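Each reported figure results from applying straightforward, stated rules to the coordinates on display, with no laboratory input. The shown structure was predicted, so the numbers you read here are calculated from the model rather than taken from an experiment. Using ideal geometry, Cβ is built from the backbone for each residue, glycine included, and neighbour counts are taken over all protein chains shown.
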Amino acid sequence: MDGGNQSVVSEFILWGLSQSQKLQVLLFVIFLILYFFIVSGNIVIMLLITTDHHLHSPMYFLLANLSFVDMWLSSVTTPKMISDFPRENKTISFEGCMSQIFFAHCIAGVEMVLLVVMAYDRYVAICKPLHYFTIMNLKRCTGLVFISWTTGLIHATSHLVEIVELPFCGPKEIDSFFCDMPLVIKLACLDSHDLDILMNANCGVVAVICFILLLISYTYILTNVLQSSKSGASKALSTCTAHITVVMIFFVPCLFIYVWPLNIIWLDKFLAVFYSVFTPLLNPAIYTLRNKEIKNAMRRFLSNYLFKENP
Ligand SMILES: *[C@@H]1O[C@H](CO)[C@@H](O)[C@H](O)[C@H]1NC(C)=O
């Protein structure tokens, strides 16, 4: 096919997570509850960190930013998936599909860079404790947050430019619960092989660079922590294991979807659910349950605002 405007597809059909009617009812209830916890959990973290001055430090500002990003990461795909469960034919408009691709990649890009920034913050705190507040001042911290949003926007825009021009003329069925970029590219009426490679390279560069930076900083941190026998070591270790867990549950699914795609449909769906639902859900859980400061802040918050009448 050559030339001409072949973008005649105005909507795509999503197959969703499952075809079984009964299972969809169950999934509807489960994901509705999970999404409620994702939004409220992340909002609680942001609220605690902004209102409690004990938590006004770079580490917690970054954590609040991560919660903000997590909430939107899930909101790009989950509400649509939930509202689609009861529907017989699940469709998404062309524009809707393009915006899902744009926002999913933008937010995921921000999250990746933010995780690197958080690792750098821990590196400075643990390996250069005396200079922590001069290195990670508010200005630098805000600058790093700004860089992560810029990276996300550039990354997503480059994808959008790539894909919006593709000729979509025939097939329009996507075997997933959202417009996942690799699946949408396969629908284009041209040999999508080169594009596949380009896309993997684009996602790969961002993901792999971030992953390597993370590995380097956590290696530094861990060797530093393990060598020192100071009393702070075990606390530092517990903070870092929380961070590393979060990194793993976000990066591993992303790497296997976009960088080294396995092309096994049920596994791809599982990984997509994992990073769009479970990562945003687990982040607040991991940080709040493992962090004494946050738990104390929660206690202060409850006693200040909810039980004010009996001091
Ligand atoms: C993100 O971090 C900046 C400081 O680096 C902070 O001022 C801002 O409040 C944070 N955003 C959220 C949503 O907490």
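Absence of a disulfide-compatible partner, taken as no other cysteine beta carbon within less than 4.7 angstrom, is noted in the chain for CYS106, CYS127, CYS141, CYS203, CYS210, CYS240, CYS254.
Evaluated over the Cα positions of the stretch 203-267, the convex hull gives a direction-averaged projected area, one quarter of its surface, of 4.9 nm². Given +1 at the Cβ of Lys and Arg, -1 at the Cβ of Asp and Glu and no other charges, the dipole of the chain around its Cα centre is 1700 debye to the nearest 20. Between the amide H of THR91 and those of LEU14, distances stay under 5 Å, these residues lying 5 or more places away or on another chain, with hydrogens modeled in the peptide plane. The residues GLU293, GLU173, when put in order of fewest to most other Cβ atoms within 10 Å, stand as GLU173, GLU293.
The three principal axes of the Cα atoms in the stretch 11-306 give end-to-end lengths of 63, 45, 30 Å, sorted in falling order. When the chain is described by a simple charge dipole with +1 on each Lys and Arg Cβ and -1 on each Asp and Glu Cβ, the residue from LEU62, PHE256, THR288 located farthest towards its positive end is THR288. Counting Lys and Arg as +1 and Asp and Glu as -1 over every other residue whose Cβ lies under 13 Å from the Cβ of GLN19, the net charge comes to 0. Each Lys or Arg adds one and each Asp or Glu takes one away; over the other residues whose Cβ falls under 11 Å from the Cβ of CYS240, this sums to +3.
Cβ crowding within 10 Å, taken as a proxy for footprinting-reagent exposure, orders ARG87, ARG300, ARG122 from fewest neighbours to most as ARG87, ARG300, ARG122. Peptides 57-63, 132-138, 206-212, ordered by how many other C-beta atoms sit within 10 Å of their residues on average, highest first, read 57-63, 206-212, 132-138.
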